[in-house]
Each structure stands twice: as structure tokens, then as C-alpha cells.
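Below is one structure; the comments refer to it alone.
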Amino acid sequence: MQKQSSDHLRSYAKGRKSGAPAWMLQRITGLALVILTVGHYILMHYNPTSGHDYDSTASRLSSPIFKGMYLAFITIGMYHGLQGCWNVVRDFKLRPWLTYTIFGTLLVLGIIFVGMGWNTMLTFDPNKP
Amino acid sequence: MAYLQNREPVGAWTRIILAYKRYSGTWAYLLHRITGIGLTTYLFVHIWALSSLTKGHAAFQEEMKTFTAFPFKVLEWALGALVMFHAFNGIRIAIVDLGNGARYQKKLLGAVYVVGIGLVLLMFFLIFQNDLFASK
């Protein structure tokens with residue numbers, strides 16, 4: 001009997017050690033990032049000053065929706081990027097210590113840079129000279 | 001690489017490239033990984049560079065003078081090519097994985113290149129509009 005496509009999708013939520021949930025999450029975050037990244041890229045570069053001017057950046061960041069979207073964007077983007085790098089690393093049979101070192105490095109880099117991005121967004125003061 | 005076994009001995013990289021030659025999907029797989037690693041690297045630089053927003057108006061504008069110089073505009077445009085390929089090939093991967101896309105993945109790949117190259121050419125005019133057209 002042929003499986004229903006919903007069963008097929010549900011089966012990805014089962015395995016705990018298989019990496020299947022991460023695989024699924026990579027697709028979901030990827031599709032979210034298509035909208036966020038392509039939108040971001042076009043918005044920031046549709047004219048030469050839009051993405052490179054303090055005042056236009058400040059006016060965008062005065063909207064809490066925009067700020068919240070960017071916090072999500074930083075986090076989702078970093079997760080997807082580092083998960084993707086980890087995916088590439090897992091395709092090679094490396095020595096265990098090297099695998100763990102790479103995993104640790106990616107994790108620490110991710111936490112530091114997401115923290116840096118959140119810090120920039122949340123401590124941004126438009127009135128500073 | 002079984003189908004290349006009777007060739008004269010060549011280097012490992014050459015063999016890999018020869019084996020990939022005929023399969024556009026394999027090139028897309030490679031390009032997806034390379035652009036993905038490139039974009040992740042860029043994301044680190046991007047977050048680090050924009051942390052100067054907290055230093056105030058003057059410091060940020062001073063930094064942006066560098067980043068709006070001509071070589072950086074070219075890099076910015078090139079970055080768009082990575083974004084467009086990775087984004088649209090990502091949609092293709094999602095369709096192949098979650099839908100019935102394996103049956104028409106080559107056509108989807110064609111669409112990825114057409115839409116991607118179209119948007120990259122459009123971005124050329126947007127990014128370089130001040131250099132291409134006389135200002136009003």
C-alpha cells in the first residue's frame with residue numbers, strides 16, 4: 001500500500017538520533033530564509049544609499065516589527081548556515097577529536113556572533129551622535 | 001567513478017571533475033555547498049561589520065564610505081549571485097525532498113538559473129545606478 005504523503009512527512013519527526021528533525025528544520029528554516037534573505041538583499045540594495053545610510057537604518061529600526069524580524073533573521077540565518085557547514089563536515093570521515101573540535105568551534109562561533117548581532121540590534125541608540 | 005575506469009591515469013581532482021561533468025544536478029549540489037559556506041562566512045563578517053551601528057552616526061557613516069567604494073559594490077553584486085543561486089536552488093531542493101520534484105529536477109534547475117541570472121542582472125542596474133546614469 002502506498003503511504004500517504006502526510007505519513008511520509010510525519011516520519012521525519014520520529015528519530016531522536018537520526019538527525020531527521022534537523023534535516024526537516026533545515027528545509028523549514030531554508031524556506032523562511034528565501035523570503036528573508038532575498039527580501040533583505042533587494043531592500044538593502046535597491047538604491048545605493050538604502051542599506052548604507054545611518055538615518056535610513058535608524059528609521060527602519062524604530063519599528064519593533066522590523067527589529068523583531070531582524071533578531072529572528074540573525075538567529076535563523078546563523079542556525080541554517082552552521083547546520084549546513086556541519087552537514088558538509090559530516091560527509092567526510094574525520095577523526096573523532098577533529099569532528100568534535102569542529103562542532104565545538106561552530107557552536108561557539110554561532111553563539112558569539114548571534115550574541116553580537118542581538119547586542120547591535122538591542123543596544124542601538126538612534127540619538128547617539 | 002566506475003564509468004571512468006579505462007581512462008589513462010589522472011589526478012584525483014581531475015577525475016572528480018570529469019565524473020561530475022555530465023551531471024548538471026551534481027554541479028548544483030557542489031555549487032549549493034560552496035555558496036552556502038561562502039554565505040555563512042559572509043554572515044560572520046556582516047554581523048561584525050554592522051556592530052559599528054552602536055558607535056553612533058559619525059562612526060557608522062565613516063565605515064560605510066569604505067563599503068560603498070567601487071570594489072565593494074562589485075563584491076556586493078557578486079554576493080547577490082551567491083544569494084540568488086542558493087535561495088532558488090534551495091527551493092528546488094525542498095521541492096525534490098518534500099514534493100515530487102525528483103521527476104522534473106532538471107527543469108527546475110533550468111528555472112533556477114534563468115530566475116537567478118535575471119535577478120542578478122537586475123541587481124546590477126540597481127547597485128550601479130549612480131555610476132551608470134547621470135544623477136538628477
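What follows draws every value from the coordinates through simple rules; no lab data is involved. Keep in mind that this is a model prediction, so the values were computed, not measured. With ideal geometry, Cβ positions are generated from the backbone for all residues, glycine too; neighbour counts draw on all protein chains shown.
In this model, which of B:Lys65/B:Lys107; A:Lys128/B:Lys73; A:Lys93/B:Lys73; A:Lys67/B:Lys107 are farther than 32 Å apart at the alpha-carbon? Beyond 32 Å: B:Lys65/B:Lys107; A:Lys93/B:Lys73; A:Lys67/B:Lys107. Evaluated at q = 0.09, 0.17, 0.18, 0.20 Å⁻¹, a Debye calculation over the C-alpha positions of chain B (equal weights, vacuum) places log10 I(q)/I(0) at -0.44, -1.04, -1.10, -1.19. Taking 17 Å as the cut-off, the amide N atoms of segment A:31-59 that come nearer than this to a point 7 Å along the Cα-to-beta-carbon line of B:Gln129 belong to A:39-53, A:56-57. Once the Cα-Cα distance is subtracted from the 0.36 nm per residue extended length, the A:Leu107 to A:Asp91 segment shows a gain of 3.9 nm.
Per-residue shielding of B:48-61, expressed as the average number of other chain Cβ atoms within 10 Å of the residue Cβ, stands at 5. In segment A:48-87, one over the average inverse separation of all distinct C-alpha pairs is 11.6 Å, which is the Kirkwood hydrodynamic radius. One compactness figure for the protein assembly as shown is 1.16, namely its Cα radius of gyration divided by 2.2 N^0.38 Å.
Using the Kirkwood radius over Cα pairs, work out the Stokes-Einstein diffusion coefficient for segment A:52-129 at 37 °C and 0.692 mPa s, in µm²/s as a whole number.
Translational diffusion coefficient: 225 µm²/s.
Taking the longest Cα principal axis of chain A as reference, the axis of helix A:96-122 is set at about 30 degrees. On the principal axes of its alpha carbon atoms, segment B:56-119 extends 54, 22, 11 Å, with the longest extent given first. Between the Cα long axis of helix B:57-67 and the first principal axis of chain B there is an angle of about 40°, rounded to the nearest 10.
Working ranking of peptides B:33-43, A:104-114, B:80-90 by packing, defined as the average number of other Cβ atoms within 10 Å per residue, highest first, is B:80-90, B:33-43, A:104-114.
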